[in-house]
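Trainee: This is the structure I have questions about; it appears just below.
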Amino acid sequence: LDLDLENMVLRLSWIAAVAVLAALAVDSSVQSRDPLLWPFCTESIWNVPIGSNATYVAAQIQPFHNLGPDISHFVAAVATDPLVQWYAVKHWGGPRCDVTPGQQPYRELNVPETFVVADVNNHSTPNGALALLQPDGHTLVQMNPVCRNDSGGPIFGDATHGEPGTFEDLYGMGRTGAYGGSGLSALGGSIRPGEWAAGAGPFRHVLKTELWASLYYSHAQLPGQPAAGYRWPAVTCDNYAFNCSGPLHEGRHRCYSGKVPQLQPGSLLAVPPAQSATSLGLKTDSGKKLFQALQDYGAYVVADTAWNSTSIAMQEGVTDEFAAEFGFDFEQSHDTCEEPGGCDWLHDVWATFGALHVVDNNRNTSGGGGGSPRTALAPPLNDTSRCPQ
């Protein structure tokens, strides 16, 4: 199927499934949502909780050497922001902010003059996914990786699935976007500013995570899935997923060599209901909050960390808020963790990720596995005209 037609078919099936959930529970404490603070339709994959009919397959994730953030960017442009050229990135390892001879831009975009993302080197190559809201308040231009060395200068980032012809809508379903290893959204699933604060309560959306693909992801063709190497809602996988003859990276070929067939880009990972923060021995408030999110909503697998590290997606500035709230950094390594809180946090994440399972029946016809949602659905947006009616 053409991707646009496939998306339409899947969207209609997803809407029918979520309509059942919607009849069961909607958060009545909030009358409507501002999509700048809590984006996408109630029925979006990023807002649907795990259901009571979820079937779980153990992901078999072992303690990893490093826990880090995958920093993404969300920027809202206005009509007075300058129009600048948007170019593709030619060198993942850097320089990313580089125009090659004869290179043509995708198009012009309104970009705030002060938005700057420094270039990288081969020793640090973050995903740097960007969701750039255009002045119409709807159009999300997504790119990955993003680079902009100079205030007011051109912006660099690879166009994502469907772009630059079609774009996701901030008031829409928000499925696809910037991640090259899955084709999933740069905005949906990222932890947003203010969400780690104690007064913010639990996370109210699905998260995004990244594992070491060579160790964990499978390139199998799963029944009912569109292609080998990924599963719905992903629309692609890494271009090296099947190439096991290239040079070694971190002592392994980069191809997907995981032992759990169900674990692929697009997998929804969640903690089964039999587990609790107490049964896992969690000690930190941050660990308990993450646990609750991964049990109630889960996290989509969106990309590859490319080494023995695990990442959780969050917007720029959130790591500073985390440190201010809890007194230790979000990022921790097994041999240099901060005593005592940072080490306890890392151990909590190890325990929670060790308990993660693939929700194997998360499909376009059974969001979150279907059945009764574990928690109330997101309230409607302040404008639902682009959501299922």
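The values are calculated or read from the model by the stated rules, or taken from the named source; none is laboratory data. It should be emphasised that the depicted structure is a prediction, and the values quoted were computed from it without experimental measurement. Cβ coordinates were reconstructed from backbone atoms using ideal geometry, including for glycine residues, and neighbour counts include every protein chain displayed. The accessibility values were calculated without ligands, DNA or RNA, using every heavy atom of the protein model including side chains. Shrake-Rupley method; radii C 1.70, N 1.55, O 1.52, S 1.80 Å.
Trainee: Please identify the pairs in which a residue from the stretch 263-288 that is under 14 Å from Val349 (Cα atoms) has its Cβ atom under 6 Å from the Cβ atom of a residue that is surrounded by 24 or more Cβ atoms within 10 Å (Cβ to Cβ) and of a type in the set (Phe, Trp, Tyr), counting only partners at least 6 apart or on another chain.
Mentor: Hits for this filter: Thr284/Trp345; Ser286/Trp345; Gly287/Trp345.
Trainee: Still on this model: Which pairs turn up if I take residues in the stretch 314-336 that are farther than 12 Å from Arg192 by Cα and look for partners that are of a type in the set (Val, Ile, Thr) and open to solvent by less than 60 Å² (accessible area, probe 1.4 Å) with beta carbon separation below 6 Å, at least 6 apart in sequence or on another chain?
Mentor: Close Cβ pairs satisfying both conditions: Phe330/Thr319.
Trainee: Same structure again: I'd like the residue in the stretch 247-293 that is out of contact with any helix residue (DSSP H, G or I) (no Cβ under 9 Å at 6 or more places or on another chain) and aliphatic (A, V, I, L, M) and, out of all such residues, is modelled with the lowest pLDDT.
Mentor: In this case the residue turns out to be Leu248.
Trainee: Let me ask something else about it. Between Gln332, Gln315, Gln295, which is in contact with a Ser or Thr (Cβ under 6 Å, 6 or more places away or on another chain) and either of a type outside the set (Val, Ile, Thr) or on the phi > 0 side of the Ramachandran plot (or both)?
Mentor: Working: Gln332 fails: in contact with a Ser or Thr (Cβ under 6 Å, 6 or more places away or on another chain); Gln295 fails: in contact with a Ser or Thr (Cβ under 6 Å, 6 or more places away or on another chain).
Selected residue: Gln315, the only one of Gln332, Gln315, Gln295 that is in contact with a Ser or Thr (Cβ under 6 Å, 6 or more places away or on another chain) and either of a type outside the set (Val, Ile, Thr) or on the phi > 0 side of the Ramachandran plot (or both).
Trainee: Quick one: which of Phe353, Phe330 is farther than 24 Å from Ser52 by Cβ, under 21 Å from the mean Cα position of the chain (by Cα) and buried (at least 22 other Cβ atoms within 10 Å of the Cβ)?
Mentor: Phe330
Trainee: Shifting gears a bit: Identify all residues within the stretch 147-165 that are among the small types (Gly, Ala, Ser), surrounded by 17 or more Cβ atoms within 10 Å (Cβ to Cβ) and more than 14 Å from Val89 (Cβ to Cβ); write none if there are none. It would help to see each step written out before you state the result.
Mentor: Within the stretch 147-165, the first condition is being among the small types (Gly, Ala, Ser), and the residues that meet it are 151-153, 157, 159, 162, 165.
From what's left, surrounded by 17 or more Cβ atoms within 10 Å (Cβ to Cβ): 157, 159, 162.
The answer is Gly162, and nothing else.
Trainee: Sticking with this one: Which residue, of Phe64, Phe74, is in a loop (DSSP other than H, G, I, E, B) and touching a residue at least 60 places away in the same chain (Cβ under 8 Å)?
Mentor: Details: Phe74 fails: in a loop (DSSP other than H, G, I, E, B).
Going through Phe64, Phe74 in turn, just one is in a loop (DSSP other than H, G, I, E, B) and touching a residue at least 60 places away in the same chain (Cβ under 8 Å): Phe64.
Okay, residues lined up against (1) over 18 Å from Leu377 (Cα atoms); (2) assigned to a helix (DSSP H, G or I):
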| site | (1), (2) |
| --- | --- |
| Met173 | no, no |
| Tyr179 | yes, no |
| Leu187 | yes, no |
| Gly199 | yes, yes |
| Arg204 | no, no |
| Ser214 | yes, yes |
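Trainee: For the stretch 89-169, give me every one of the strands (runs of 3 or more DSSP E) that falls completely inside it and has 1 or more residues that are closer than 28 Å to Glu250 by Cα. Steps first, please.
Mentor: On the way: elements: 107-110, 130-133, 139-143.
Qualifying strands (runs of 3 or more DSSP E): 130-133, 139-143.
Trainee: Return the residue satisfying two criteria in turn: it lies in the stretch 356-369 and is assigned to a loop (DSSP other than H, G, I, E, B) and open to solvent by less than 10 Å² (accessible area, probe 1.4 Å), and of such residues it is farthest from Ala270 (Cα to Cα).
Mentor: So in the stretch 356-369, the residues assigned to a loop (DSSP other than H, G, I, E, B) come out as 356, 360-362, 364-365.
Within this subset, residues satisfying the condition of being open to solvent by less than 10 Å² (accessible area, probe 1.4 Å) are 356, 362.
Numbers: Leu356: 5, Asn362: 11 Å.
Out of the qualifying residues, it is Asn362.
Trainee: Could we say that Ala200 is free of Cβ contacts under 8 Å to residues at least 24 places away in the same chain and surrounded by fewer than 24 Cβ atoms within 10 Å (Cβ to Cβ) here?
Mentor: On the way: free of Cβ contacts under 8 Å to residues at least 24 places away in the same chain: yes; surrounded by fewer than 24 Cβ atoms within 10 Å (Cβ to Cβ): yes.
So Ala200 fits the description; yes.
Trainee: Shifting gears a bit: Just the residues that are open to solvent by 20 Å² or more (accessible area, probe 1.4 Å) and either within 16 Å of the chain's Cα centre (by Cα) or not aromatic (Phe, Trp, Tyr) (or both), please, taken from the stretch 43-72. Talk me through it step by step, then tell me what you get.
Mentor: To start, the set of residues in the stretch 43-72 that are open to solvent by 20 Å² or more (accessible area, probe 1.4 Å) comprises 43, 52-53, 55-58, 60, 62-63, 65, 69, 71.
Within the stretch 43-72, Glu43, Ser52, Asn53, Thr55, Val57, Ala58, Gln60, Gln62, Pro63, His65, Pro69, Ile71 meet the criteria.
Trainee: Name the residue, out of Gly152, Gly94, that is of a type in the set (Gly, Ala, Ser) and in contact (Cβ under 8 Å) with a residue 40 or more places away in the chain.
Mentor: Going through Gly152, Gly94 in turn, just one is of a type in the set (Gly, Ala, Ser) and in contact (Cβ under 8 Å) with a residue 40 or more places away in the chain: Gly152.
Trainee: May I ask you to list the residues in the stretch 270-299 that are under 19 Å from Gly199 (Cβ atoms) and among the basic types (Lys, Arg)?
Mentor: Correct list: Lys288, Lys289.
Trainee: Please enumerate the residues belonging to the stretch 203-231 that are among the charged types (D, E, K, R), touching a residue at least 60 places away in the same chain (Cβ under 8 Å) and either more than 21 Å from Leu67 (Cα to Cα) or out of contact with any strand residue (DSSP E or B) (no Cβ under 7 Å at 6 or more places or on another chain) (or both).
Mentor: Residues of the stretch 203-231 among the charged types (D, E, K, R): 204, 208, 210, 231.
With touching a residue at least 60 places away in the same chain (Cβ under 8 Å) added as a condition, the list becomes 204, 208, 210.
Across the stretch 203-231, the qualifying residue is only Arg204.
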